[in-house]
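The structure appears right after this line, and notes come after that.
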Amino acid sequence: MNRIRAKIRRLAARIGITDRRGVAAVEFALIAPLFAMLLAAMIDFGGVLYTKFQLDSAVSAGANYALVNAASVNSVNGATLASTVARVVATSQGAAWANGGIVVNNGPTSTVTSGTAVASGTASNADSCYCPTTSGSTFSWGSAATCSSSCPSGGLAGKFVRISASRAYTPMFSSYGIVSSHTITATALVQVQ
């Protein structure tokens, strides 16, 4: 084994490979692209998470407003509540920051898209109680029920505010299981009564 090493050293010395200067630079050149790619992926993932957390915060602010104003979940004040909660969600990080959709107890609805609010819905539905169900991304209000009666899926029938927010986002690498169709979304269903 020592003979082989000696022969390799003599051969390396003959052709001038004994100089080890610059080895670190070559190693760095080989490793740097990998580190740059990892850094870019971390920054991309951080941007996705940051936007998701901002949307969650906006929906939470809207949910808090709905809870504080629970008495407004009715046919008279429901449209105003929906409009106000939609503004809270859509402008939580600045003017026209996110798109939002608010449904007050299967009745008054306010949708904000690019800063423009559109009201719709049947106001009289807000006076009823419901047993809403969620299965994955599918949501259903179900039919009106007697307030405080037991729901088939558990819980009690009551009055609810459904809040959703979305923001366009295109990540550099992957959706990370958070971005769907270049959009990040956050939703909440708040039982107010």
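Just to be sure before I move on: is residue 122 under 25 Å from the mean Cα position of the chain (by Cα) and without any contact (Cβ under 8 Å) to a residue 24 or more places away in the chain in the structure I sent?
Against the criterion (under 25 Å from the mean Cα position of the chain (by Cα) and without any contact (Cβ under 8 Å) to a residue 24 or more places away in the chain), residue 122 does not qualify.
Does residue 72 satisfy the condition of being surrounded by 13 or more Cβ atoms within 10 Å (Cβ to Cβ) and either more than 29 Å from residue 179 (Cα to Cα) or aliphatic (A, V, I, L, M) (or both)?
yes
At least 2 residues that are at pLDDT 85 or above and farther than 18 Å from residue 189 by Cβ in each: list the strands (runs of 3 or more DSSP E) lying fully within the range 95-177 that qualify.
So the answer is 109-113, 116-120, 160-168.
Within the range 128-185, track down each residue that is surrounded by 11 or more Cβ atoms within 10 Å (Cβ to Cβ), more than 13 Å from the chain's Cα centre (by Cα) and on the phi > 0 side of the Ramachandran plot.
Of everything in the range 128-185, those that are surrounded by 11 or more Cβ atoms within 10 Å (Cβ to Cβ), more than 13 Å from the chain's Cα centre (by Cα) and on the phi > 0 side of the Ramachandran plot turn out to be 142, 155.
Considering only residues that are touching a helix residue (DSSP H, G or I) at 6+ places or on another chain (Cβ under 8 Å) and assigned to a helix (DSSP H, G or I), which ones fall in the range 64-76?
Passing the criteria: 65, 66, 72.
Given the residues 79, 119, 95, 90, which is the only one that is surrounded by fewer than 18 Cβ atoms within 10 Å (Cβ to Cβ) and either over 19 Å from residue 61 (Cβ atoms) or in contact with a helix residue (DSSP H, G or I) (Cβ under 9 Å, 6 or more places away or on another chain) (or both)?
119
Tell me which residues, restricted to the range 83-94, are farther than 29 Å from residue 143 by Cβ and in a helix (DSSP H, G or I).
Those that are farther than 29 Å from residue 143 by Cβ and in a helix (DSSP H, G or I): 87, 88, 90.
Among the residues of the range 118-149, which ones are more than 17 Å from residue 193 (Cβ to Cβ) and in contact with a Gly (Cβ under 9 Å, 6 or more places away or on another chain)?
Of everything in the range 118-149, those that are more than 17 Å from residue 193 (Cβ to Cβ) and in contact with a Gly (Cβ under 9 Å, 6 or more places away or on another chain) turn out to be 121, 122, 133.
Which residue out of 36, 58, 41 is touching a strand residue (DSSP E or B) at 6+ places or on another chain (Cβ under 9 Å) and either at pLDDT 90 or above or in a loop (DSSP other than H, G, I, E, B) (or both)?
58
The values are calculated or read from the model by the stated rules, or taken from the named source; none is laboratory data. Worth saying up front: this structure is predicted, and the values here are computed from it rather than measured. Cβ atoms come from the backbone with ideal geometry, glycine included; neighbour counts cover every protein chain shown.
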